[in-house]
Every structure is written in C-alpha cells, then in structure tokens.
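So the structure is just underneath, and the comments pick up after that.
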Ligand code: HPA
C-alpha cells in the first residue's frame, strides 16, 4: 500500500509541485465550491496511476489545487466511497495522498441523515466524534509505519481547537450550527428504521456513508481534522417519507451557499 501511495504521489508531482496546507473533501452538493477558489491547477483522478476513481453521479473526480484567501489548499472534488466496491485501504488512499502532498489539516464535509430529534433537514452539524463500528477500519492490514503507529490513539479525532474555530466562525456569520456524533454505515442503501434506532442507542446524532474512515486515516498520520455534516434529511423511520438521493441533493443545494461560506471562512482561520 505504501508503494502504491508513493507511485500516486510521483504521478501528482509530475503534474504539480504545489504544496497545500489544508485538504478539503467536498461532500454531496458542495462539489462546485472547488470552482470558486483561486485555482492554480487541477489533477484528474484518472490521470493518477493506481488511484481509485469515483463512480457516483454528481461527484467529479479531481484534485483542485489553489488558494482560499492566502491558504494553500487541495480540494477533493469527489471522494471515494466504500460502497463503490473498493477495499477500505483504497477508500482512504486519497486522504493519505493529501497527507503525503503536505497537508497539515484536513477539513471533511458530507451529507447525512439526522438521528437527533432536535435536528431538522438543512441543519449543519459540527462533527464532534464518530462511530465506525458498522464498517471495517481503514487501518486493518499491515501497518504503514511510514505514516503512523500500529495502535493509534483516537481520543480526539476531531480537533477541539478546530471545532472551536468553526463554532466561533458560525456565530460571527450568524449561521446556526448543531454539534454531534457521526455514525458511518457502508451504504449504498439508506438504513432501515431498526438500524437508525440502533445508531441512536449507540449515541449517534447523524448517519452517513463516508468521512469517519477518512478522519481515522488522517489521525493515523497525525493530521489535525475537522468536519461539518449537512443533515439533508431525517434518517429512515424518523422521516415520515421514503428517502431518496434526490431529497439529499435538493437539501444540500438549498443550504450550499451558507455551507460554502462557513467552510471558506473557517479555512482562512484554520
Ligand atoms: N443515511 C445515510 N447517508 C445519508 C443519509 C441518510 O439518511 N442522508 C444523506 N446521506
């Protein structure tokens, strides 16, 4: 796996020597934010040897290098999901690659279903912690000693400092934010009402199909991590209606402007 990462890095470095400080992964509905920054260059996932290429409609597949304010960033426009059929090590390969490109901080975004009954569709939730019990750990397999230790600590996956920056920024912008625990399931199906009840008893506030494993891989490498989830719908059984990708996209589009403003302002202060 490390050799594969080194090959991918070489492939990227043949195209650009840009060194980002912050990595940003864009979730559903946020993809076009990458087009709004000061773009220096882009690298298509297709052009990176050995890179897992995303197949989801609405997800472009490329790294966008550029500046948000004065901050050098790399943005993943389109992420890799476990439900696409890749081994979990491949799902986190792009995260690790961004770490090897030089990022020190990783900003994760996604869409999720609300478990917490105080939430409503359209809420933005600062991720305070996560539960990955329903998916394999991305760290299973031979440890990549070059990246981190065999038994990494996960007691503060989402940096308290960055959570504070997000909260402070949201208050300044007058954007209401929730806080909570994100539970990752495999997807691609939405959960059953029974699974939603289970995730609630586990202590979850929102449920989704990404992010937590990327956060783990980043923490394994010692990166500082934060994340915001857009609660696009109430989870199955809590919501009165059947769930659909269309509903998820419509809500994500509805709050995209606010979400993008928050993400952008936070990056400038990270
Ligand atoms: N479940 C899982 N993933 C999701 C959901 C959901 O309800 N909404 C958006 N992504």
Out of (1) closer than 19 Å to residue 28 by Cβ; (2) more than 19 Å from the chain's Cα centre (by Cα); (3) touching a residue at least 40 places away in the same chain (Cβ under 8 Å), what's the single condition that is false for residue 244? (3)
Going through the range 214-246 in order, the residues found to be touching a strand residue (DSSP E or B) at 6+ places or on another chain (Cβ under 6 Å), part of a loop (DSSP other than H, G, I, E, B) and more than 14 Å from the ligand (Cβ to nearest atom) are 223
Hey, can you tell me all the residues within the range 81-94 that are farther than 14 Å from residue 48 by Cα and either in contact with a strand residue (DSSP E or B) (Cβ under 9 Å, 6 or more places away or on another chain) or touching a residue at least 12 places away in the same chain (Cβ under 8 Å) (or both)? 81, 82, 83, 84, 86, 88, 89, 91, 92
By residue number, the members of the range 177-213 that are in a loop (DSSP other than H, G, I, E, B), more than 9 Å from the ligand (Cβ to nearest atom) and within 30 Å of residue 146 (Cβ to Cβ) are 186, 211
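Okay, residues lined up against (1) touching a strand residue (DSSP E or B) at 6+ places or on another chain (Cβ under 9 Å); (2) modelled with pLDDT of 95 or more; (3) on the phi > 0 side of the Ramachandran plot; (4) part of a loop (DSSP other than H, G, I, E, B):
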| residue | (1), (2), (3), (4) |
| --- | --- |
| 112 | yes, yes, no, no |
| 118 | yes, yes, no, yes |
| 127 | yes, yes, no, no |
| 137 | no, yes, no, yes |
The one condition in (1) in contact (Cβ under 8 Å) with a residue 60 or more places away in the chain; (2) in contact with a helix residue (DSSP H, G or I) (Cβ under 7 Å, 6 or more places away or on another chain) that residue 98 fails to fulfil: (2)
Scan the range 127-143 and tell me whether some residue there is over 18 Å from residue 235 (Cα atoms), without any contact (Cβ under 8 Å) to a residue 40 or more places away in the chain and surrounded by fewer than 20 Cβ atoms within 10 Å (Cβ to Cβ). yes
Going through the range 19-39 in order, the residues found to be part of a loop (DSSP other than H, G, I, E, B) and surrounded by 19 or more Cβ atoms within 10 Å (Cβ to Cβ) are 20, 27, 28, 29, 30, 37
Is there a residue being in contact with a helix residue (DSSP H, G or I) (Cβ under 8 Å, 6 or more places away or on another chain) and surrounded by fewer than 20 Cβ atoms within 10 Å (Cβ to Cβ) anywhere in the range 198-211? no
With the first residue restricted to the range 149-164 and required to be farther than 18 Å from residue 137 by Cβ, and the second required to be in a loop (DSSP other than H, G, I, E, B), Cβ contacts under 9 Å at 6 or more apart or on different chains are 162/270
Is it true that residue 86 is farther than 18 Å from residue 105 by Cα and surrounded by 20 or more Cβ atoms within 10 Å (Cβ to Cβ)? no
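The values are calculated or read from the model by the stated rules, or taken from the named source; none is laboratory data. Here the structure is a predicted model, which means the values were calculated and not measured. Neighbour counts run over all protein chains shown; Cβ positions are idealised from the backbone, glycine included.
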